[in-house]
Amino acid sequence: MHMDTETYEKMISGQWYQPANLAPERLRAQTICADYNNLRPVDDKRRGKLLRDLLGAVAENVCVEQPFHCDYGRNITLGPRTFLNYGCVMLDCAPITLGEHVLVGPGCHFYTAIHPIDPIERLTDNERAEPIVIEDNVWLGGHVTVLPGVTIGRNTVVGAGSVVTKDLPPNVVAAGNPARVIRTLG
């Protein structure tokens, strides 16, 4: 399968693009995810190979519990000692970067895609995307949702069920919908 390089470059650079042109790339990722999610948990060697085939970069000592789902995979970077609990979804139309020792609770979702708000523009099926960055030693509680363009600073904790719509600074506890800082750490 030949990838539409022009559309892909538009996508990861934040320009408007047609996602239909990248359907073969999404099918590739969905197929690898299905294989990964159907493996026996004790098959560490095969799990590791599939993650390396799927993701852009996977450091040492990374754990991704099953099931895991993503759009493309190649735009995801997982730092050393990062842990993704069950049911993680990463819609990686733009890069999603998790630093070292990031703990992601069950059912967390990361969304980079943005659709037009105007209903007439939305009929064009164009979308664009903004990257997500989770810095080192962050803990996201269960069912946290991180929206496009967000950076979460190092050492920050985000409470379960929160929706992170804007950047969070380092060394804080944040919670809510939308997530807001509720205290500073240390």
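Conditions (1) modelled with pLDDT of 95 or more; (2) in contact with a Gly (Cβ under 9 Å, 6 or more places away or on another chain), marked per residue:
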| residue | (1), (2) |
| --- | --- |
| Trp16 | yes, no |
| Pro19 | yes, no |
| Leu22 | yes, no |
| Arg28 | yes, yes |
| Cys33 | yes, yes |
| Val42 | no, no |
| Lys49 | yes, no |
| Leu54 | yes, yes |
| Glu60 | no, no |
### Task
Kindly indicate the residue of the stretch 167-186 that is part of a loop (DSSP other than H, G, I, E, B) and modelled with pLDDT of 95 or more and also most open to solvent (accessible area, probe 1.4 Å) among those meeting that condition.
Asn177
### Inter-residue pairs, beta-carbon under 7 Å, first touching a residue at least 12 places away in the same chain (Cβ under 8 Å) and in the stretch 119-132, second part of a helix (DSSP H, G or I) and open to solvent by 60 Å² or more (accessible area, probe 1.4 Å), 6+ apart
Asp125/Ala20
### Message
Residue under question is Met11, and the condition is that it be within 16 Å of the chain's Cα centre (by Cα) and not in a helix (DSSP H, G or I); does it hold?
### Response
no
### Query
Which pairs do you get when a residue that is over 17 Å from Thr31 (Cβ atoms), found in the stretch 42-61, comes within reach of a residue that is modelled with pLDDT of 95 or more and surrounded by fewer than 13 Cβ atoms within 10 Å (Cβ to Cβ), reach meaning Cβ atoms under 9 angstrom, with the pair 6+ apart or on two chains?
Val58/Arg52
### Message
Looking only at the stretch 122-166, how many residues end up being open to solvent by less than 50 Å² (accessible area, probe 1.4 Å), assigned to a strand (DSSP E or B) and of a type in the set (A, V, I, L, M, F, W, C)?
### Response
10
### Query
Are any of the residues in the stretch 37-56 crowded, with 20+ Cβ neighbours inside 10 Å, of a type in the set (A, V, I, L, M, F, W, C) and within 22 Å of Pro131 (Cβ to Cβ)?
yes
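Every residue, every condition in (1) under 15 Å from Phe110 (Cβ atoms); (2) out of contact with any strand residue (DSSP E or B) (no Cβ under 7 Å at 6 or more places or on another chain), yes or no:
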| position | (1), (2) |
| --- | --- |
| Glu127 | no, no |
| Val138 | yes, no |
| His143 | yes, yes |
| Asn155 | no, yes |
| Leu185 | no, no |
### Task
Just give me the residues in the stretch 63-83 being closer than 30 Å to Asn126 by Cβ and either in a strand (DSSP E or B) or out of contact with any helix residue (DSSP H, G or I) (no Cβ under 9 Å at 6 or more places or on another chain) (or both), in sequence order.
Phe68, His69, Cys70, Ile76, Thr77, Leu78
### Query
Being in contact with a Ser or Thr (Cβ under 9 Å, 6 or more places away or on another chain), open to solvent by less than 50 Å² (accessible area, probe 1.4 Å) and closer than 18 Å to Tyr111 by Cα, is that true of even one residue in the stretch 11-21?
yes
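The values are calculated or read from the model by the stated rules, or taken from the named source; none is laboratory data. Predicted model only: the values in this text are computed from it and were never measured. Positions of Cβ are generated from backbone atoms using ideal geometry, with glycine treated the same way; all protein chains shown enter the neighbour counts. We work out accessible area using only protein heavy atoms, side chains counted, and drop any ligands, DNA or RNA first. Shrake-Rupley method; radii C 1.70, N 1.55, O 1.52, S 1.80 Å.
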